[in-house]
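Here it is, the structure, as structure tokens.
No lab work stands behind these numbers, since they all come straight from the coordinates. All values derive from a computational prediction rather than experimental measurement. Note that each Cβ is placed from the backbone with ideal geometry, even for glycine, and that neighbours are counted across all protein chains shown.
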Amino acid sequence: MQKYIMHLDMDAFYASVEQMDNPELRGKPIAIGSTHKRSVLSTASYEARKFGVRSAMPSHQALKLCPELILVSGRRSRYKEISSQVMAVLENYSPIVEQASIDEAYLDITGTEKIFGPPRTLAESVKQEILDTVGLTASIGIAPVKFLAKIASDLKKPAGISIIEAHEVKQFLKTLPIEKIPGVGKKALPRFHSFGIKYAADMLRYPPEFWKERFGERGIVLHAKASGIDPTPVSVGEQMKSSSAENTFGEDVRDPQILKTWLLSQSERIAADIRKHGLKGRTITLKVKFPDFRQITRSKTLDQRTSNSGIIYKTGCTILDAEGYLGPVRLIGIGISNFEERGRQLSLLEPEQNVCDDKKLDQLDKAVDKVREKFGSAMLTRGSLLKSPSDK
């Protein structure tokens, strides 16, 4: 049986939602961002992209390219609402749906021909139902493997359908630029070019061992993809790998205490996030970015896993203090990872006192979560977060 993987990508999702909700924005160049000098764009409408405006571009640069650009503040809750409706539509076409992000998903549609017809017919039905349900367009790519389906979905944007059949894969890879292969970044690209590798299929001039010597295990994976091989399945309900939060400052911050205030707020956000998923993490990671865009990441692995914001915060502060005075900071963030499997039992070797303390902290955190869920996140706020930086 021929295997078919579908990748669906909503077109300029955030911007399209804003244009749908506000008719005055339709047909105009808009982007999600602000006029603040440190702001970067989340996405841009296709009208704005004609001027070279794109996501992750600083707002001030985008405004130079397109003086008529309209900047719109993002509405995360609205985007999540629409996203949930889109994912519900996809579940009508396959029981195997993997949401890759808020605006994209993979479906394993192998064997669905008897129900929905050939892949193109199914894709057209999916697009139409999404348009009827949420009023937005989507682009779809279909291929025998996951990474090619994602590449295909980008070929005919917006609102396009691209299908790479199994017998077309070899020829497709002969003309696919090597940088389109996931895992070949800007830093690695010059190395590939130095070996005369311009297109994906060019990698096959050398055996897998050649690439392993130069890129480690990643080299073998890239060689396989250049051959059209990708064993990665479409995963349903895959457990989250990490949770993080970060903030970019309007003005560079030099005071360590102000940085720690931000870490406390971020720690509460990620702690609430992983508790919502019933998870506890063991590795805490601190991220700091400087005005010249250099950045450092430092991690610390705890003896026991936790979902407590206080422990996450204190660990982040310990990591920060260990670095000493860093000078002006542009961005700071904290994350947690290394989660336990759901349903893990407590080890008999864990100290009884720690287990008792963890239970008390868990009960307190859950009580706080319930209050915030019912009355809003502002109902309970730590006293230290009520102070402005100028108060310190």
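Give a residue-ordered list of calculated ³J(HN,Hα) values for region 187-192 (Karplus: 6.51 cos²θ - 1.76 cosθ + 1.60, θ = phi - 60°; whole Hz; x for Gly, Pro).
For region 187-192, the Karplus-derived couplings read 6, 7, 4, x, 5, 5 Hz, x marking Gly and Pro.
Here is a follow-up. So which GluC sites (Glu not before Pro) in region 168-271 end up in coil per DSSP with only 11 or fewer other C-beta atoms within 10 Å?
238
Using Cα-Cα distances under 8 Å and only pairs 6 or more residues apart, what relative contact order does the chain have, in percent?
Relative contact order of the chain: 13 percent.
Candidates (i) 5, 19, 21, 17, 13, 10, 9, 5, 1, 0; (ii) 5, 21, 31, 27, 13, 3, 1, 0; (iii) 4, 17, 23, 29, 20, 6, 0; which is the computed P(r) over Cα pairs in 10 Å bins from 0, in percent?
Answer by label: (iii).
Moving on to the next point. Let me see the P(r) profile for region 253-321: every Cα-Cα distance counted, bins of 10 Å, each bin given as a percent of all pairs.
With a bin width of 10 Å, the distribution comes to 20, 52, 24, 5.
For region 217-317, state which chymotrypsin sites (Phe, Trp or Tyr not before Pro) are in a DSSP loop and have at most 11 other beta carbons lying within 10 Å of their beta carbon.
Hits after loop and neighbour filter: 293.
Taking only DSSP H segments of four or more residues, each worth -39500 (n - 2.57), what value at 222 nm results for the chain once the sum is divided by all its residues, to the nearest 500 deg cm²/dmol?
-12000 deg cm²/dmol
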